[in-house]
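Worksheet for the structure shown next.
The values are calculated or read from the model by the stated rules, or taken from the named source; none is laboratory data. The structure presented is a predicted model; accordingly, all values stated were derived computationally and were not measured. FYI the Cβ positions are ideal-geometry reconstructions off the backbone, even for glycines, and counts take in every protein chain you see. SASA here: full protein model, heavy atoms, side chains in, ligands and nucleic acids out. Shrake-Rupley method; radii C 1.70, N 1.55, O 1.52, S 1.80 Å.
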Amino acid sequence: MIKEVGDIEVYPNLFIYVGHSLESEERYEYVLHSSYEDNSIQQFCDRMTNGIALMGFNNKGYDYPVLHHILSMSKHGSADDMCESIFQYSDNLIKSNERVWFKEREIKIPEFDIYLLHHFNNKAKACGLKHIEIAMRMDNVEDLPYAPGTFIEKEDVQTVVDYCHHDVDATKKFIYASNKEIDLRKGLSTSFDLKLYDSNDPEIGSEIILKFVSEKMGVPHWNIRKMRTYRNGGIDLNNIILPYINFTTPEFNSVLDKFKNTIVHDTKGDLKHQLVFRDVPYDYGTGGIHACTKSGSYHNSDTHMMLDIDVTSFYPNLAIRNKQAPQHLGQAFCEVYENIFNTRKTYAKGTPENYGLKIALNGVYGKSNDIYSYLYDPLFTMFITVNGQLLISMLSESILTKTDSVLLQANTDGITVVFPNEQYSVIKELMTQWEEITSLELEEAEYKSMFIRDVNNYIAVTTDNQCKFKGAFEIDKAWHKDQSHRIVAIAVARACIHGIPVEETIMNHFDVNQYDDINVKAHGIYDFCGSVRARGGAKYELEYFKNGEYNITPTQKTNRYYVSNEGVYLKKVLPPDVNKKDSLEQQPANQTNIFDIVDDVKIDVERKSYIEAGHTVTMFNRAFNRPYDLNYDYYVNECNKILNKL
């Protein structure tokens, strides 16, 4: 079986398939166009169904369904007729916005989809190959110059072929970059006798639990997949709050009373409460608890400690210790879930088994609120999140009222506090008391510094100099996230942790390959680049003066650029808002500011706004060498906006 990374391009009079061997430099291309004489579609089909395993980016969602149509359609007729048939199928597939499902026996080409492995089919993580090319810092991230539906002339065919080769190169590079995730899934597939090769993490966890629950219940997995527990009458929280939860202060008793008198019908929005305790606001909701002190820089000292206290495997253990399960799975689930937790501890960290069982444990909570999952039971969801918030509140109240501690943060699974050194033993005793009441375990990490914007955005530095970057302060982000202006996060981190002026980091960045002081690599000009991608009916335009004339030029949907002293203005154009009656509306002034703390600007009813408002940019969709004419002041100012808040 030849593992081939493939991609297709489809136009009304052109079909192209390009395949590159994953394990060698061998390349293959097939072109169906009226100007090409050697374009036997039967030979192409015979090749694809004879020992080719297709690997791609969203190939299960698009490329394979189109190929399946080609394999099934009549092979007689002109190139133009066949291209038209392929285009119509492709166009309908795209417009339907629905995935085509094939039974396993119907699949004619074995396939692997790196897009699915990274869960890019999830709305929150959705992104295209062009975004991934930018994240991989590829030199060329240009789009094809031909819009979908264009009739391609003979002299333009090679341009499309070359572009297709480029996309296959990008996909192959991304597959190599994902080798760790791929090898992990190979190991899990072998260990658990499941086909998990391109499954995302939640799916892996769900499939592992399904296997064990099916065996425990003696019920076929296809029957369990149909099971759900619906709570049509709502969920009375008073019936699910743990009996040992209690408070001594009126502030925390207010949230307990609120919860006890709440019936939840909408598990995504019915539960909201806020209180202020010791000048810190606490926000409660169906998604969890969040509390945070004022933004700023916080440090330990000769007299005070800073301690982060987390509950070990909080949500899984909360269910296990209290024998909770989706109702339709009952005791079998409880036994399986606890066994998975205990079994995981027998495998070393870093092994496929340890990781697979970890995501199996952690994925249940989310799946229990997913109506498409066999784990669906919103009462289970509410039991976990409501009691989780109340237990974190109990821990917080106990420590804050019985010591001189100050709360820095509270979140879903723990709190961070500062307190006098001599009270550490008292803190430990209070932690032990909480553990005895709840049958849960706490773990701790000592910080020497925290730089906090809010509960989801901070830098934490442990006493052994390990750095944690969260939210807006992340430097090396997940593939699907906005990678814009990485230099800002680097400079801010070095300024916070080591007191290095941001100007020094920014001005000397091209002389650095690695920042050992924060354990981060440098990537030259790419760290100064921002990127934007259009969704829906949005598009981008370039605005500039040339030879004294004002020009507007359309540009591609996904763009890379950097802020420069001279250049063009990059503008986002949205379709008219038919429901809006005002002549003006608010839009962020800086659409790509990863820290999202800039003022708003007014835009007109045509829904146009400037990216990096007030600044010119240089487009960098095709990379080039220095000089770059970077606007260093812009990047310094972006850093200072962050630092001035700390």
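In the set (1) touching a Gly at 6+ places or on another chain (Cβ under 8 Å); (2) in a loop (DSSP other than H, G, I, E, B); (3) open to solvent by less than 30 Å² (accessible area, probe 1.4 Å), the condition left unmet by R99 is number (3). Checking the stated criteria, A79 turns out not to satisfy the condition of being among the aliphatic types (A, V, I, L, M) and either modelled with pLDDT of 95 or more or farther than 25 Å from F151 by Cβ (or both).
Checked against (1) over 19 Å from K180 (Cβ atoms); (2) surrounded by 23 or more Cβ atoms within 10 Å (Cβ to Cβ), S373 passes all but a single condition, namely (2).
Residues being crowded, with 20+ Cβ neighbours inside 10 Å and either in contact with a helix residue (DSSP H, G or I) (Cβ under 6 Å, 6 or more places away or on another chain) or among the polar types (S, T, N, Q) (or both): count how many of those fall in segment 443-460. Residues that pass the stated criteria total 3.
E422 meets the conditions (1) outside any helix (DSSP H, G or I); (2) open to solvent by 20 Å² or more (accessible area, probe 1.4 Å); (3) over 24 Å from G388 (Cα atoms); (4) modelled with pLDDT of 95 or more in every case but one. The failed one is (1). The residues of segment 230-252 that are over 18 Å from G388 (Cβ atoms) and in a helix (DSSP H, G or I), listed by number, are P250, E251. Considering N342, N317, N362, the condition of being without any contact (Cβ under 8 Å) to a residue 24 or more places away in the chain, under 25 Å from S439 (Cβ atoms) and in a helix (DSSP H, G or I) is satisfied by N342 alone.
Taken over segment 630-646, residues that are assigned to a loop (DSSP other than H, G, I, E, B) and surrounded by 14 or more Cβ atoms within 10 Å (Cβ to Cβ) amount to 3. Condition check for R228 on (1) open to solvent by 60 Å² or more (accessible area, probe 1.4 Å); (2) in contact (Cβ under 8 Å) with a residue 24 or more places away in the chain: one failure, at (1). Here H69 fulfils each of the conditions (1) open to solvent by 70 Å² or more (accessible area, probe 1.4 Å); (2) under 20 Å from D113 (Cα atoms) apart from (1).
Under the condition of being in contact with a helix residue (DSSP H, G or I) (Cβ under 7 Å, 6 or more places away or on another chain) and part of a loop (DSSP other than H, G, I, E, B), the residues counted in segment 328-339 number 1. Selection of segment 135-186 for residues being open to solvent by less than 20 Å² (accessible area, probe 1.4 Å), touching a Ser or Thr at 6+ places or on another chain (Cβ under 8 Å) and either in a helix (DSSP H, G or I) or of a type in the set (S, T, N, Q) (or both) yields V157, R185.
Quickly run through segment 37-57 and pick out the residues that are in a loop (DSSP other than H, G, I, E, B), out of contact with any Gly (no Cβ under 9 Å at 6 or more places or on another chain) and either among the polar types (S, T, N, Q) or buried (at least 20 other Cβ atoms within 10 Å of the Cβ) (or both). Selection gives N39, S40, T49, N50. Within segment 193-216, restricting attention to residues that are among the hydrophobic types (A, V, I, L, M, F, W, C) and open to solvent by 20 Å² or more (accessible area, probe 1.4 Å), the residue that is nearest to F112 (Cα to Cα) is L194. If you go through segment 384-419 and keep only what is open to solvent by 20 Å² or more (accessible area, probe 1.4 Å) and among the polar types (S, T, N, Q), you end up with S398, T401, N411, T412.
Taken together, the residues in segment 606-628 that are surrounded by 13 or more Cβ atoms within 10 Å (Cβ to Cβ) and either in contact with a Gly (Cβ under 6 Å, 6 or more places away or on another chain) or not in a strand (DSSP E or B) (or both) amount to 11.
Could you check segment 530-579 and list, in sequence order, the residues that are hydroxyl-bearing (S, T, Y) and in contact with a strand residue (DSSP E or B) (Cβ under 7 Å, 6 or more places away or on another chain)? Residues satisfying the conditions are S531, Y540, Y544, T553, T555, T558, Y561, Y562, S564, Y569.
Would you please list the contacts, defined by Cβ atoms under 8 Å and residues six or more apart or on different chains, that run from a residue in segment 606-624 that is under 21 Å from P576 (Cβ atoms) and acidic (D, E) to a residue that is open to solvent by less than 20 Å² (accessible area, probe 1.4 Å) and part of a strand (DSSP E or B)? Qualifying pairs under 8 Å: E606/V573. Quick check: is even one residue across segment 443-464 closer than 30 Å to H118 by Cα, assigned to a helix (DSSP H, G or I), within 21 Å of the chain's Cα centre (by Cα) and charged (D, E, K, R)? No, every residue in segment 443-464 fails to be closer than 30 Å to H118 by Cα, assigned to a helix (DSSP H, G or I), within 21 Å of the chain's Cα centre (by Cα) and charged (D, E, K, R).
Residues that are open to solvent by less than 50 Å² (accessible area, probe 1.4 Å) and aliphatic (A, V, I, L, M) within segment 266-299 comprise L271, L275, V280, I289, A291, listed in sequence order.
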